[in-house]
Structures are given as C-alpha cells and as structure tokens.
C-alpha cells in the first residue's frame, strides 16, 4: 500500500491504531523465533552485567529508595518498583556491550541498542502484570518494530543518541501493549515520553542511557494509563520528534509493510566489545590459529580499517583513563591484542585487573591503525578490517569483510552459538548453576508457551 498521500499526522495516527490492534497471531513465526532468541541473549547479558561498576551503583541506589516490590532485579534477586527495576536491568543488559544490536529498516542499517532496553522493560512489566509469554513477546516485537521504523527515517546527529531517545518511546510502547492501550493512550504515552528524552552520546558509563530510557518510558506510559493526556492532539504534537530528528521523511518509509514485516534486532554479538571492533578481533583470532603469537617477535602490526572506523572512539590510542572497562571495550588496540594473545576475547578479559595486564598493554601499544589502502578487498563500507603482522618467523595476515553476527547480511550466529553464549553469561554471573542455566534457556526458547514468568522467578528470584 502507498502512504505518500498521508500527512505525518495521519501516519502517526495509523501507527497508534496498529499498536493498539496487532495480535500475537498477526506476527510472522520467524519474527517470534528471533524475538525469543533476542530475549534469551539479552537476559544472559543482564545476568553477567551485574558485576559492572555502574550496575552495582544503580542497584544500591534503588535499594536505598525502597518502595513497592513489583518486579525483580535479575542480577541481584531483589525486588523494587517497576521503573526502578527496569532501570537496573536495562543498565545491566548493556553493561558489557554484549547484547544484540543493529536494526535494518527502510533500507538502512542503524546501530541501535534497542533490545537492551526493550527486553528488560518487557520482563519487568510482564512480571508485575502477570502477563503470559505471548503477551510479552507481542509487546517486545511491537516496540522493536516501532523503534526500528522511526530509526530508519531519522538522522541522529551528535551528540543526540538513539539509546536515550527512541528507546524511551519504545519502553512506553511495551507497557502500553501489555496494558491494552487504546490508540489515544499510546499517543499520550509517547507524547509524555518526549518530555523525558535523554541521549548524550557514549559517556564514560555508556550503560546509563539504557537504564534511563527504560525508567522514563515506563513512567510516561504509566501516567497515560492513569489518564494523563498532556495535550489535546498528541499525534500532531509528536511531530516535534520529526522536526528535531528526521530529514525528508516520507510516510512510505515510516509505514512500509506495516503489520506484515516487524523490524527487529539483526545482530547477535560474538564478542563482549563494541561492534566496531569485531572485525579486528576476528582477524586476530584467525592469525592466532595460524601461529603461536610471541609479542617480542612481532616487528610490525598494522590494522587497516575504514575512514569511518578511524574517526570512531575505538580507534583512539589505548590507555586507561577514568574507567578501565570502558577504555577496553572501546579500543581496537586492546581487544586485538587480547585476541592475539588468547585466541579470542571473553568477559574475564574486561575485568580491571585484566585490562591492567602489562603484556597486553605493551602489545596493544604496538598495533598501528591506518585507513591507507582500505579496503584491501570487497567488504562492508564501515566495518571491513585487515590485520598484518610482520614477525621474525614470517608475515601473517587476515581480512574480514564483515564481522559475524548479522542475520541480514551474514554470516549470523547459529542458535547453538547463541545458546553457548547464554550459558557462558550465566556462568560468569555466578547466579545460576549449569542445570538452572539450561532450564532458563529452555524457558526463553519456549517463551510463547509460558503462562507467566514464575518458572524463571523460581530460578533467579
């Protein structure tokens, strides 16, 4: 259907009507399958994220606030009011930058971190409302689709960041769907959420925007559920978002295959670091398989990356600044050095004592980044990466046109790989026994058959 004759106001009204009426049965089975994996992957990241500094600070903050015990902070086992719980859990989900990422909508890839807000919000709201698995999945899928559609039409200039803007709106959609909002209530909730947008890009504690968006979106939706309107014409007022962020929006882009295609997260991460480092990690892993790396035998190490990557934070010279964890996961030099030395990158390599390892720091400092001669071969215009080592015993090189994980462009992670990652996250958290971790995985893979969250609560709560 063509929507070019619609105004922006009419398009938004159609979206509100869609959110209010879509049912679980309307959603394609492959979309449901992916949503179950996204929920499982994110939950594993919530568990492992409990050890991160900001997670502990947020948990302590919420415990000091007190309040009605409405939902569970999964990494800690305590209960708190719904918005506070979602705040802590979303922060934990993003803590290690290991959750599912990226959305493909309106013909454009967007580096969104949607699931690390939407899954924690969905779990918290479903727990409080005693919703079943199908209702939770419907809310999660609708919210990710809504955020994906907006993101595909938007230009997010620095310093505004999608994690604290669009995710806030998505969190409101989750709650509204679980509460069976009318179109008007959805519009009111989104308008009220506009009051609370945040989004300063990538601060030292980058995880905070996930938590803030979860909490503020729920606060807005709950106000709408309690009858607050905000303005007489909320759909018209939602154009404020359009006026600030969107360039040359056509209703066709916003409404493309609405109700037939549900945009969702496209990439499962293989490594606990910024996605912009993953091709470099894979190059190092491939070389480590060819030869035993002896740092003192390396004469030269050159990482060839795109001009876009050279302008990214991951290209900064590695050094420990205010927060070693953030410095590590946003450093190509560091993660490539780790991958050369250990054959991969794991959560344990991001602990403060590991980041301070002298051998790793020395090797990282010897890795030179350059965009000269890029790309060596065909590959992604942003992420393609090459690595060349000149050693005493010869030269070794590797080239990765696109890091693994993206299901649209491929190659994606298999379900068994996502499962192994889930079990690894659970083990790192120290919360679940191996048997209970397997049980939790089974819970999520059968989420559409669950009557409520009680089986999961029995394991963690």
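Figures for the structure shown
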item	result
Angle between the chain longest axis and helix 434-445 axis [Cα atoms, degrees, rounded to 10]	50 degrees
Packing-based order for 65-73, 286-294, using average beta carbon neighbours within 10 Å, highest first	65-73, 286-294
Euclidean distance between Cα centres, segment 276-339 to segment 56-109, Å	29 Å
Between 0 and 90°, nearest 10: helix 332-342 axis offset from the chain longest Cα axis	60 degrees
Cα gyration tensor shape of segment 275-400, rounded if a/c is under 1.5, else prolate or oblate by comparing a/b with b/c	oblate
Compactness of segment 380-451 - radius of gyration and Dmax, Cα, Å	18.7, 62
Gained length - residue 291 relative to residue 23, 0.36 nm times residue gap less alpha-carbon distance	91.1 nm
Relative contact order computed over segment 275-400 (Cα-Cα under 8 Å; 6+ residues apart), in percent	42 percent
Whole-Å semi-axes of segment 327-419's equivalent ellipsoid (Cα gyration tensor)	23, 21, 12
Extension gain (nm, one decimal) between residue 395 and residue 451, 0.36 nm per residue minus Cα-Cα	14.4 nm
Fraction of antiparallel bridges per DSSP, segment 275-400 only, in percent to nearest 5	75 percent
Net lengthening on full extension, residue 9/residue 323 (0.36 nm per residue, minus Cα-Cα)	108.6 nm
Cα-projected label distance for residue 377 with residue 420, points at 7 Å along beta-carbon direction, nm	2.3 nm
Tensor-based shape of segment 304-360 (alpha-carbon gyration tensor, a/c under 1.5 rounded, otherwise prolate or oblate)	oblate
For segment 1-153, the Rg and Dmax computed from alpha carbons only, in angstrom	16.8, 53
Burial ordering of 441, 308, fewest other beta-carbon atoms within 10 Å first	308, 441
Gap separating the Cα centres of segment 371-426 and segment 168-198, nearest whole Å	38 Å
From the coordinates shown, log10 I(q)/I(0) by the Debye sum over Cα atoms at q = 0.07, 0.08, 0.09, 0.12 Å⁻¹ corresponds to which of [x] -0.35, -0.45, -0.57, -0.99; [y] -0.47, -0.60, -0.75, -1.15; [z] -0.66, -0.79, -0.91, -1.19	[x]
Pairwise label distance in nanometres, residue 78 with residue 356, each label 7 Å out on the Cα-Cβ vector	2.7 nm
Burial ordering of 348, 297, 269, fewest other beta-carbon atoms within 10 Å first	348, 297, 269
With Cα atoms, 0 to 90° folded angle of helix 82-94 axis to the chain main axis	20 degrees
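A short reminder: the numbers here are calculations on the coordinates, not readings from a lab. Every value quoted in this text rests on a predicted model; they were computed, and no experiment measured them. Because the Cβ atoms are built from the backbone with ideal geometry, glycine has one as well, and the counts that use them run over all protein chains shown.
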